[in-house]
Amino acid sequence: MSKEASGVTVRVLGSEYVIAAPPDQRAELLACAGHLNDRLREQARGGRVVGNDRLLVVVALNLVHELMQARTALSEQATALQRLVALEARLSSALHALEPAP
């Protein structure tokens, strides 16, 4: 590993993993690992999923689903913003046309 991307040890489901990360991303990586571990424990408490492999897949699918929903919502917001900008331009143009000529 280079000095720029040295290893960060994270713990997931009681196992430790060394992940390469640049210094400016280490805190975020640790926060992500903590969030993943929390979600895994939450899912395990439900008792419906047996085995770490299956537990990891179920939580990964749930997280990807949430990510896809967030991306869809962001895309819809961007489209709405574009429509508002176009509407503002039309309104400004109409108001400008109504102003008396000097």
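The values are calculated or read from the model by the stated rules, or taken from the named source; none is laboratory data. No experiment lies behind these values; they were computed from the predicted model shown. Here the Cβ positions follow ideal geometry from the backbone for every residue, glycine too, while neighbour counts run over all protein chains shown. When the accessible area is computed, the model is the full protein with side chains, heavy atoms only, and any ligands, DNA or RNA have been set aside. Shrake-Rupley method; radii C 1.70, N 1.55, O 1.52, S 1.80 Å.
Beta carbons closer than 6 Å, at least 6 apart along the sequence or on distinct chains, pair a first residue in segment 3-32 that is among the acidic types (Asp, Glu) with a second that is open to solvent by less than 50 Å² (accessible area, probe 1.4 Å) for Glu4/Pro22.
Per the listing Asn37, Asn52, the residue uniquely under 17 Å from the mean Cα position of the chain (by Cα), over 17 Å from Leu67 (Cβ atoms) and not charged (D, E, K, R) is Asn37.
Residues are listed down the side, and each one gets a yes or a no for (1) among the small types (Gly, Ala, Ser); (2) assigned to a helix (DSSP H, G or I); (3) touching a helix residue (DSSP H, G or I) at 6+ places or on another chain (Cβ under 7 Å):
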site: Ala27; (1), (2), (3): yes, yes, no
site: Cys32; (1), (2), (3): no, yes, no
site: Val58; (1), (2), (3): no, yes, yes
site: Glu66; (1), (2), (3): no, yes, no
site: Ala70; (1), (2), (3): yes, yes, no
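Candidates in segment 17-34 are the residues that are surrounded by fewer than 15 Cβ atoms within 10 Å (Cβ to Cβ) and under 18 Å from Val59 (Cβ atoms); of these, the one that is nearest to the chain's Cα centre (by Cα) is Cys32. Is there a residue in segment 61-78 that is closer than 28 Å to Arg11 by Cα, open to solvent by less than 60 Å² (accessible area, probe 1.4 Å), of a type in the set (A, V, I, L, M) and at pLDDT below 90? No; the residues of segment 61-78 include none that is closer than 28 Å to Arg11 by Cα, open to solvent by less than 60 Å² (accessible area, probe 1.4 Å), of a type in the set (A, V, I, L, M) and at pLDDT below 90. Total residues in segment 35-60 satisfying the condition of being open to solvent by less than 60 Å² (accessible area, probe 1.4 Å) and within 25 Å of Ser6 (Cα to Cα): the figure is 2.
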